[in-house]
Protein chains: 2
Amino acid sequence: MRIAVLGTGEVGRALAGRCAEVGHDVVVGTRDPARTRDRDGYAGWLDAHDTIRLVANAEAGAHAELLVNATNGAGSLAASGDAGVADHPGLVVLDVANVLDFSGGGPYPAIGAATDHSLAERLQAAFPTARVVKGLNTMNCQVMADPARVPGEHVTFVAGDDEDAKAAVRALLAAFGWPAHRVLDLGGLSAARATEMYLPLWLSLFTAAGTADVNIALCR
Amino acid sequence: MRIAVLGTGEVGRALAGRCAEVGHDVVVGTRDPARTRDRDGYAGWLDAHDTIRLVANAEAGAHAELLVNATNGAGSLAASGDAGVADHPGLVVLDVANVLDFSGGGPYPAIGAATDHSLAERLQAAFPTARVVKGLNTMNCQVMADPARVPGEHVTFVAGDDEDAKAAVRALLAAFGWPAHRVLDLGGLSAARATEMYLPLWLSLFTAAGTADVNIALCR
């Protein structure tokens, strides 16, 4: 499948690398490819992932059958706009981002989610012809891409209003190594509020566990 | 130990009943004992728990070595005030409540917690001589009181600024059946923000699992 990953940070790298590793045709979208290449060891990362092309956001959008939003949540709407999500009706958008603002100090970042809104819903509202699925945003990016890093029956969540789009995301997660029974469908896209508001607990668990290789399992 | 439970709803009944069952000297505090007794089958519940006395909040506070706040979160400050928490310096307050407002409709209740405040911290600020510990607020009350209802290594959390108070709460949880390694200490009371903001995900898990007998385990 042709996958575009928006975002060149740690999350984007982990997911783009994994998508390529499991056989997909991957581009990474950024505002200014030349500048990204010069920054933070990105050129070296690209050399190590030679099937992945770094392109401008608009070209990434044109490439995509499935687009992964792995940008910083505060920039997700702009990046998706640059990628022309509005010009590709039906595009599946897997939104793994959280809106985290660490500028205020204190033990937790401010979070751009509440019980009446989420980033995923704001993306869906801004791009009504897209098919947004929230997923993977409840753990460290290395675990998103390779759940076998963490032992046990830990889970991930999907939420979205389009069943076919959720099925496409589920297929991608299966390729990453997520067994179907550990991908819990929380229902419509409004359930993204629940997973985005979980972030402070995730950060506390990360601290308590002393490792980012941590996730939750469901007992019932 | 002399325990007072504030709150006569489902949560208060589950916790008061369990505290008595494991051998504590339990009173339940309410605004108007005569009115509570007439309501919602409470008289019958009291008959079935004949070591428990229903008293006015002020008498409950005077009785308590440990006070459990199991009121509706919106009424917790007033109830704690009525219980005279300010008049009993050093009192351990186990706050299991969440501020949930279902009046807005929508898939999730409004929640009176955010990354910069929590109910537990508001209680601590209102009653600075109390020793507030947040705990048990991340699951159904039947599971709080009897974790063996749910199989597996599921966990609960404590957060608080006083180590001795946390130890007292841990001892109570151990009596309920929570093994020490499944009571995760998230640190200071500000971590209550994390567990209170988890509620929407808990509600989603409840729905997805189709049972209130559900909780999370940590994999690492």
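Yes or no: A:ASP40 more than 18 Å from A:CYS141 (Cα to Cα) and not β-branched (Val, Ile, Thr)? No. Number of residues in the stretch A:159-171 that are more than 10 Å from chain B (Cβ to nearest Cβ) and in contact with a Leu (Cβ under 7 Å, 6 or more places away or on another chain) equals 4.
Name every residue in the stretch B:128-155 that is of a type in the set (Ser, Thr, Tyr) and surrounded by 22 or more Cβ atoms within 10 Å (Cβ to Cβ), in order of residue number. Show your work before the answer.
Just the residues of the stretch B:128-155 that are of a type in the set (Ser, Thr, Tyr), to begin with: B:129, B:138.
Passing the criteria: only B:THR138.
Do you know which of the residues in the stretch A:87-128 that are touching a helix residue (DSSP H, G or I) at 6+ places or on another chain (Cβ under 9 Å), among the small types (Gly, Ala, Ser) and more than 11 Å from every other protein chain (Cβ to nearest Cβ) is farthest from B:GLY104 (Cα to Cα)? Here the residue is A:GLY90. Condition check for B:LEU136 on (1) away from chain A (no Cβ under 14 Å); (2) touching a Pro at 6+ places or on another chain (Cβ under 6 Å); (3) within 29 Å of A:ASN98 (Cα to Cα): one failure, at (2).
For the stretch A:67-106, filtered to residues that are among the acidic types (Asp, Glu) and in contact with a strand residue (DSSP E or B) (Cβ under 6 Å, 6 or more places away or on another chain), the residue that is modelled with the highest pLDDT is A:ASP95. Sub-8 Å Cβ pairs linking a first residue in the stretch A:161-176 that is more than 12 Å from A:LEU66 (Cβ to Cβ) to a second residue that is surrounded by fewer than 13 Cβ atoms within 10 Å (Cβ to Cβ) and among the aliphatic types (A, V, I, L, M), at least 6 apart or interchain, are A:ALA174/A:ALA180, ordered by first then second residue. Residues in the stretch A:188-220 that are more than 7 Å from chain B (Cβ to nearest Cβ), farther than 23 Å from B:ARG182 by Cβ and buried (at least 17 other Cβ atoms within 10 Å of the Cβ): 3 in all.
The values are calculated or read from the model by the stated rules, or taken from the named source; none is laboratory data. A quick note: this is a predicted structure, and the numbers were derived from the prediction, not measured. Note: ideal-geometry Cβ built from the backbone for every residue, glycine included; neighbour counts use all protein chains shown.
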